[in-house]
Amino acid sequence: MPEAAGRLARFGLVGLTGLAVNEGLLVLLTEKAHFYYLASAVISTQVSILWNFALTERWVFARRSCRLDRKARLGAFFLICTTAQVLTTPVLYVLVDLVGMPYLFGNLAAIGLSTLVRFTVADRVIWMSSPRSKVRRELAQGG
């Protein structure tokens, strides 16, 4: 359990850096390039997905021997995160256009809603341990 908590904490820290990338690009595209905020949100999220994958690959799950190769993990990560974006974009619209929340806060809320789901899929599917690494871990723990 402590190992999973550590991964979740690292995943959260990576997510915070990705959030900074996302929010920064969202402001640049919306305020400076004059894109509609929903278009800016889609673009900035896609860029931050790549950022998050790179850091997740190198730091969160670096020690894990995975069943999937790097290209498959990247594809799965993009699929999961883009699916989450498809589901959270309407939430962003409701929060901003119907509730009246500023778009940066609405974006934070929409991303926050999907974080635990994305971590669970990353941990249990994308970076799932290979059977050999599980056996090695059990042997190391005396089991």
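Any read-out appearing in this document is the output of simple, stated calculations on the displayed coordinates, not a laboratory observation. Since the structure is predicted, the reported quantities are computational estimates derived from the model, not experimental observations. Here the Cβ is made from the backbone with ideal geometry for all residues, glycine too, and neighbour counts use every protein chain on show.
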P(r) of the range 1-85 in 10 Å steps, Cα pairs, percent per bin?
17, 43, 29, 10, 2
Degrees separating the helix 2-27 axis from the principal Cα axis of the chain, which is the longest one:
20
Spin-label point model (7 Å from Cα, Cβ direction): what's the VAL86 to ALA4 distance in nm?
2.8
Mind checking the angle between helix 103-121 and the chain's longest principal axis? C-alpha axes, 0 to 90 degrees, to the nearest 10.
20
Helix 37-55: angle to the longest alpha-carbon principal axis of the chain, degrees 0 to 90, nearest 10?
20
Assign unit charges at the C-beta atoms only (+1 for Lys and Arg, -1 for Asp and Glu), then state the dipole size of the chain relative to its Cα centre in Debye, rounded to the nearest 20.
900
Give me ASP123, ASP69, ASP97 ranked fewest to most by other Cβ atoms within 10 Å of their Cβ, as a rough exposure proxy.
ASP69, ASP97, ASP123
